[in-house]
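The values are calculated or read from the model by the stated rules, or taken from the named source; none is laboratory data. All values reported here derive from a predicted model rather than from experimental measurement.
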Amino acid sequence: MFYPPSGEKWVPFAIIGLLAFTFSLPYILPTESIRSTVPDNHSLKGTTMEQEFFGIGKAVKILKNGGRVCRKGWNGANMWLELQVPDEHSKMGLPYIYMSTVDGKLVPWLASQTDILAEDYEQLNAE
C-alpha cells in the first residue's frame with residue numbers, strides 16, 4: 001500500500017513493467033450516501049450546510065430534471081454543471097452539458113474518466 005502525504009490509503013490497481021497505477025480507495029469502493037459539510041474549495045451561493053455526495057448516474061438524473069451539480073474534487077470554487085436543451089432558436093441540435101468555470105465563463109463540458117468514476121458529486125440548490 002502507498003500512503004500519500006494526505007494520509008489517504010492507496011492501493012495498487014495494475015502493475016505494467018515498472019509502472020504502478022493506483023487509485024484512491026474512495027474511487028474504487030462503492031458508496032451509498034456520504035454526508036459532509038460543504039467542501040472548503042466551494043463558495044457556491046444557494047448551497048446548504050449539509051450535502052449528500054453521489055456518482056455520475058445520479059448527477060445526470062439531476063441535470064435532466066433541470067438541476068445543477070458540482071464535484072468536491074474540482075480544484076476551483078464556483079464550478080458547476082448544467083444541462084442545456086436546445087429550442088427552436090438554438091444553433092445546437094441536441095442537448096449538452098456545460099460547465100461554469102472558476103471565472104464564471106460557460107463552456108461545453110467533456111467528462112474525464114476521473115469525473116465518470118467519481119462519487120463526490122453534489123446537488124446545488126436553486127439560487
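Residues in the range 102-127 that are within 21 Å of Phe54 (Cα to Cα) and of a type in the set (Val, Ile, Thr): Thr114, Ile116.
Picking from residues in the range 37-67 that are more than 11 Å from Leu124 (Cα to Cα) and of a type in the set (Val, Ile, Thr), the one that is modelled with the lowest pLDDT is Thr37.
Of the residues Ser24, Ser90, which is more than 13 Å from the chain's Cα centre (by Cα) and at pLDDT below 60?
Details: Ser90 fails: at pLDDT below 60.
On inspection, the qualifying residue turns out to be Ser24.
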